[in-house]
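So the structure is just underneath, and the comments pick up after that.
Derivation of every value follows stated rules applied to the coordinates shown; laboratory data play no part. Predicted model, so just to flag it, every value in this text is computed and none were measured. All Cβ positions, even for glycine, are placed from backbone atoms using ideal geometry, and neighbour counts span all protein chains on display.
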Amino acid sequence: MNYIKKYIKQTVSFYETIDLKKILQIENLILNKIKNKKQIFTCGNGESASVANHFLCDFNKGIKISSKQKLIPKVISLSDNIETILAVSNDINFNKVFCSQLENLGNKGDLLITMSCSGSSSNIVEAIKFAKKKNITTLSLTGFASKKIQKLSDLNFDVGVKNYGISEDIFQSLMHMISQNIRYKHSSNREEKVY
């Protein structure tokens with residue numbers, strides 16, 4: 001019971017001190033890419049891969065059907081294609097599973113969103129470095145990354161919680177907050193429930 005209370009306390013503590021300005025900065029970055037018809041790539045490992053995959057649903061479907069301005073997000077998860085991931089891992093290197101896909105799909109001005117608790121996973125670092133070379137904007141969500149790792153991306157949101165589960169819970173919440181706020185602001189009917 002004590003551990004569960006500690007888990008809840010750490011989670012609540014994050015939300016009590018959350019940087020709302022940073023969330024709006026991220027939202028504006030994502031919205032700008034959507035409006036300019038740029039592709040948005042997501043990626044992560046483990047549970048962060050699940051959030052990266054879920055990102056597609058809430059943005060590609062949710063925002064499109066709710067927006068009066070006909071916002072049409074183009075979100076692609078680099079964590080979603082197991083066949084490509086295994087082929088690149090087997091034939092090239094696991095570190096290249098994301099940047100190899102970006103090489104095929106990414107264009108100047110697109111956006112790469114990475115999710116990693118430590119921020120230092122080699123395949124995440126390689127993806128960010130490749131994106132920057134290709135002039136793809138980079139946004140990283142990290143749980144407890146070192147200052148050096150936080151500075152890799154053009155924009156970083158570090159949760160500051162040294163717990164994988166809590167960090168990944170928050171990644172999911174951030175994705176929901178941003179997608180639902182965009183839907184609310186651009187909905188043809190603001191009285192409509194947004195989920």
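The modelled label-to-label distance for the pair N104/K162, using points 7 Å beyond Cα in the direction of Cβ, is 4.0 nm.
Approximating the spin labels as points 7 Å out from Cα along Cα→Cβ, the N81-to-K147 distance works out to 3.9 nm. Among the helices of the chain, those built from whole DSSP H runs whose Cα atoms reach 18 Å or more along their own axis and whose mean Kyte-Doolittle hydropathy is at least -0.5 are 20-35, 164-185. Among the listed options (i) 126; (ii) 148; (iii) 117, the one matching volume of the Cα convex hull per residue in Å³ as calculated from these coordinates is (i). When the Cα positions of V51, V75, L86 are compared along the charge dipole of region 38-87, V75 comes out farthest toward the positive end, with charges on each C-beta of Lys, Arg, Asp and Glu.
Computed about the Cα centre, the dipole magnitude for region 22-183 is approximately 840 debye when only Lys and Arg (+1) and Asp and Glu (-1) carry charge, each at its Cβ.
With contributions of -39500 (n - 2.57) from each DSSP H run of at least four residues, the per-residue ellipticity at 222 nm computed over the chain stands at -15500 deg cm²/dmol.
Extension gain, D154 to L20, is 46.4 nm, computed as 0.36 nm per intervening residue step minus the present C-alpha separation. Site pair K132 and M177 shows an inter-label distance of 2.6 nm when each label is modelled 7 Å from Cα along Cα→Cβ.
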